[in-house]
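So the structure is just underneath, and the comments pick up after that.
Just so it is clear, none of the values below were taken in a lab; they were calculated from the coordinates. Every value quoted in this text rests on a predicted model; they were computed, and no experiment measured them. Positions of Cβ are backbone-derived with ideal geometry, glycine not excepted, and every protein chain shown enters the neighbour counts.
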Amino acid sequence: MRSDDTSPAGHHPPGYGFPRRGWRALAEHPPPGVGTATRAWRSPLRGPWLTSVYGLVLLVTLPLVIVTGLLDHLAYGPAYGQAFPYDVGWLRLPAVDWPTRPSWLFRVTQGLHVTLGIMLVPVVLAKLWSVIPKLFDWPPARSVAQVLERLTLLLLVGGILFEIATGLLNMQYAYLFGFDFYTAHYFGAWVFTAALVAHVALKLPRLVTALRSRPVVRELTVGRAGTRPEPPDPDGLVAAAPGDPTMSRRGAIALVGGLSVLLGALTVGQSLDGAWRRTALLLPRGRQPDDGPTGFPVNRSALAAGIDPADTGPAWRLTLRAGDRTRALDRAALLALPQHTARLPIACVEGWSTLQTWTGVRLRDLAALVGAEDVDAARVRSLERAGLFNRATLAANQVLDPDSLLALRVNGVDLTPDHGWPARVIVPALPGVHCTKWVASIEFDRATA
Amino acid sequence: MRAGYGAPLRHLLLMAGAFAVAGWVLARIAGEPTAGRMLLWFVGAVIAHDLVLFPVYATADRALRARLAAPARGPSPLNHVRVPALAAGLIFLVYLPGVLGLGRDTYRAATGLEREPLLGRWLLLTAALFLASGLLYALRRWRAHHLRRV
C-alpha cells in the first residue's frame with residue numbers, strides 16, 4: 001500500500017514515464033497562457049483538505065444513491081422481463097423476489113434515491129470546483145498512467161453529471177435528451193460506478209492523509225480572519241498566488257450543506273402527503289389535483305392512456321384465467337365478493353409517493369375463483385392498448401400478500417378514471433407503474449401446472 | 001513497470017477495470033439508434049460544466065468581488081450577495097423544467113394537469129433569499145456599528 005506514494009496519485013511529484021523525452025518536451029512547451037491561468041487561481045480555500053471533506057461526504061452518500069438505484073431496477077422485476085433496460089447482459093442483478101413487506105419499502109428506497117441524489121448536486125459541484133485547477137494543469141500528463149487516469153476522470157465526471165442531468169429531467173417529465181431514460185441512466189450508472197471504484201481505490205490514502213493534516217473539529221472553529229491557505233501540495237490544488245479569504249473553510253462547508261438542505265426541502269414534499277406536498281414548490285408532484293378524496297397524483301391520465309369510456313362502463317368485465325378455467329365478473333359481482341381495506345403507498349420511479357386507503361378484492365381470492373390457490377405468477381393486462389406499462393407480471397408473493405388488492409374504491413369513494421376506474425391493482429411495495437390501472441384481465445400461472 | 005508506465009501495476013489494473021466496464025457498456029449500446037446522442041450528452045455534460053458553467057460563475061464572482069471591496073470596518077456585503085445568488089442559480093438549474101415549463105405534453109400525460117411555467121415562484125423564492133440575506137447584513141452592520149460605539 002505504501003507504494004502508492006509514488007503513483008500519479010502519490011505525494012511526491014511524479015516522474016516522467018516512457019517515453020521520457022517525449023513527456024518532458026510536452027512539459028517544456030506549454031501553450032501560451034498556461035502561466036497566466038495557473039496564477040489566476042485565487043481561492044485560499046482550495047487544497048487537499050477541503051477536497052477531501054467534500055470527497056468524504058460523497059464517499060459515504062453516493063453508495064446509498066447507487067444501491068437504491070439498483071434496488072429500483074430489482075423492484076421492477078427483471079426476472080419477468082419488465083425491468084428496463086431489458087437486456088443488461090453481464091450487468092444483471094441477482095434474481096431475488098421483490099418483497100411486499102414493509103409496504104413502504106419502495107417508497108423509501110426510491111424517495112431516498114431521488115431526494116438524496118438532488119441533495120448531492122451542490123456537493124458534487126463543490127467537489128468539482130475544488131479540483132478544477134487540475135483540468136488546466138500543464139503538462140496534462142507525464143506518463144501513460146496519468147493519461148489513463150485522466151480518461152477515467154472523464155468517465156467519473158461525465159458519469160455523475162450525466163446521471164444527474166438525466167435523472168433531473170426524467171423526474172420532471174422534460175425528455176429533452178431524446179433517448180431512452182432507463183437505458184441511459186442504468187448503463188451510465190455502471191460507467192460512473194466503475195470509474196468511482198478506481199478513483200476511490202487510488203485516492204483514499206490521500207483523503208485520509210489530507211483529513212489528518214488538519215483535524216476537522218479544529219478547522220471548524222477557524223473563522224474567516226484566521227483562514228490560511230494549505231501548504232503547497234504536489235497535485236497543485238493549492239493556489240500558487242492565493243488571495244485573501246472571503247470565506248472560512250467552515251463557511252464554505254456550511255454553504256454547501258445549506259444549499260443541500262435547501263434542495264432537500266424543495267424536493268422531499270413530493271414524497272409526503274397533505275399540506276407538506278406543496279412545499280415541493282417547483283416540482284410536478286408538489287401539486288395536488290384537487291382537495292377531494294381522490295385528489296392525489298397519478299402517473300398517467302386516462303386520456304393519455306387512450307381509455308375509451310365505453311369500455312369502462314356497464315359492459316366492462318374482468319376476465320380471470322388459470323389454465324383452461326375462465327371467469328368473467330362485472331363490477332357489481334366484484335363488489336359482492338369479500339372486500340378488504342388496506343392503507344398502501346403508491347410510489348413512483350420519479351421519487352414521488354402518496355399513502356392512500358384502498359378497498360377491493362384480495363388478489364389471492366380472485367386466484368381462488370379460478371382454482372389457482374397455488375399461484376406462481378399473475379399476468380395483469382390493462383385496457384390501455386399501447387404503452388410500456390399496460391401490463392405487469394406479479395410474482396407469487398405479490399399475489400398472495402393479504403393486502404394485495406384489485407382495488408375498486410379509494411378513501412371511501414369509487415375510483416376515478418385517472419385512478420384506474422373500474423378496477424386497479426395495488427400491491428404493497430410494488431413500483432406504482434406495475435400497479436396496473438383499468439384492469440381488463442388477470443391470468444394466473446399455477447405452480448404445479 | 002513503474003518507470004515505463006508511470007505507476008505500480010495496481011494502478012493499471014484499476015484503470016483496466018474502469019475501462020472494461022465503460023467499453024462493455026459502449027459495445028452494448030452501440031446498436032441503439034440513439035447511442036450517439038447518449039455519448040453526446042455524456043461528453044457534453046463535462047464540457048457544459050467545465051467550459052461553460054464554471055467559467056460563467058467564476059467570472060461573475062470575480063466581477064462581484066471587484067465591485068464589493070471589503071469595507072474598512074464592519075461586515076463585508078460580498079457573501080450576502082454571493083450566497084443568495086448561488087442558491088437562486090442552483091434552484092434554477094435543478095428545477096429548470098418546472099421553472100421554464102418544459103415538456104408540456106409528457107407532463108400532461110403523466111399528471112393529467114396542464115404545466116404552467118413556475119418562473120414567478122422562482123423569482124419570489126429568489127427575492128426571499130436576497131431579502132433574508134439583506135436583512136441579516138443590515139443586522140450585522142447595525143451590530144458592528146453599535147458595538148463600536150459602546
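The GNM of chain A, with springs linking C-alpha atoms under 10 angstrom apart, assigns the highest mean-square fluctuation among A:336, A:126, A:280 to A:336.
Taking packing as the residue-averaged number of other Cβ atoms within 10 angstrom, the listed peptides A:319-331, B:11-23 run from highest to lowest as B:11-23, A:319-331.
Against the empirical curve 2.2 N^0.38 Å, the C-alpha radius of gyration of chain B lands at a ratio of 1.66.
Springs between Cα atoms under 10 Å define the GNM used for chain A, and in it the highest mean-square fluctuation of A:221, A:38, A:115 occurs at A:221. Taking every DSSP bridge with both residues inside chain A, close to 90 percent are antiparallel. Computed over segment A:309-446, the range of Cα coordinates on each principal axis works out to 40, 33, 31 Å, biggest value leading. Here the Karplus curve 6.51 cos²θ - 1.76 cosθ + 1.60, taken at θ = phi - 60°, turns the phi angles of segment A:81-98 into couplings of x, 10, 9, 10, x, 4, 9, 10, x, 5, 8, 6, 8, x, 6, 10, 6, 5 Hz, with x standing for Gly and Pro.
Cα centroid separation, segment A:60-102 to segment A:138-214: 21 Å. Ordering of B:97-107, A:88-98 by packing is B:97-107, A:88-98, highest average first (other Cβ atoms within 10 Å, averaged per residue).
Per residue Cα convex hull volume for segment A:97-175, in cubic angstrom? Each step should come with its number before you reach the end.
Values: hull volume 11.9 nm³, N = 79.
Hull volume normalised by residue count: 150 Å³.
Here's the picture: a label point sits 7 Å out from the Cα of residue A:20 along the beta-carbon direction, and within segment A:129-168 the residues with their amide nitrogen under 16 Å of it are A:142-144. Charge dipole of the protein assembly as shown (Cα centre as origin; +1 on each Lys and Arg Cβ, -1 on each Asp and Glu Cβ, all else neutral): 2660 debye, rounded to the nearest 20. Helices in the protein assembly as shown, meaning DSSP H runs of at least 4 residues, each add -39500 (n - 2.57). Divided by all residues, the mean residue ellipticity at 222 nm is -15500 deg cm²/dmol. Residue by residue along A:161-168, Cβ atoms of other protein chains within 10 Å of the local Cβ number 5 on average.
Please give the net charge around residue A:103, taking every other residue with its beta carbon less than 10 angstrom from that of residue A:103, where Lys and Arg add +1 and Asp and Glu add -1. Please report the intermediate quantities before stating the final value.
Working: positive: A:101, A:107, A:343; negative: A:401, A:403.
Around residue A:103, the surrounding residues sum to +1.
Per-residue mean of foreign Cβ neighbours for B:104-115 is 6 (Cβ atoms of other chains, 10 Å radius). As a length-normalised measure over Cα pairs under 8 Å and 6 or more apart, the relative contact order of chain A settles at 19 percent.
What distance in nm lies between label points placed 7 Å from Cα along the C-beta direction at residue A:335 and residue A:240? Each label point lies 7 Å from its Cα, and together they span 8.1 nm.
Bridgeable lysines around residue A:203 (alpha carbons under 29 Å apart, same-chain partners fewer than 8 residues away excluded): A:127, A:134.
Rounded to the nearest 0.05, what FRET efficiency do residue A:37 and residue A:176 have when you use their Cβ-Cβ distance and R0 = 35 Å? If you can, show how the numbers build up before the last one.
Working: r = 33 Å, r/R0 = 0.93.
Plugging the Cβ-Cβ distance into 1/(1 + (r/R0)^6) gives 0.60.
Take chain A, connect every pair of alpha-carbon atoms lying under 10 Å apart with a spring to form a Gaussian network, then pick out the residue of A:148, A:415, A:120 with the largest mean-square fluctuation. Checking each option, the largest mean-square fluctuation is seen for A:148. Of the peptides A:20-27, A:155-162, the order by per-residue mean of other Cβ atoms within 10 Å, starting with the highest, comes out as A:155-162, A:20-27. Annotation: for a label point projected 7 angstrom from Cα along Cα→Cβ of residue A:29, residues of segment A:138-160 with backbone N closer than 20 Å are A:138-144, A:147.
Counting only other chains, and only Cβ atoms inside 10 Å, what mean value do you get across the residues of B:74-83? Don't skip to the end; give the middle numbers.
Values: counts 0, 0, 3, 0, 2, 5, 0, 0, 3, 6.
What the average comes to for B:74-83 is 2.
Taking amide hydrogens as placed 1.01 Å from N in the peptide plane, the amide H of residue B:101 sits under 5 Å from those of B:118, each at least 5 positions away in sequence or on another chain.
Note on chain A: Rg/Rh from C-alpha atoms, Kirkwood Rh, equals 1.10.
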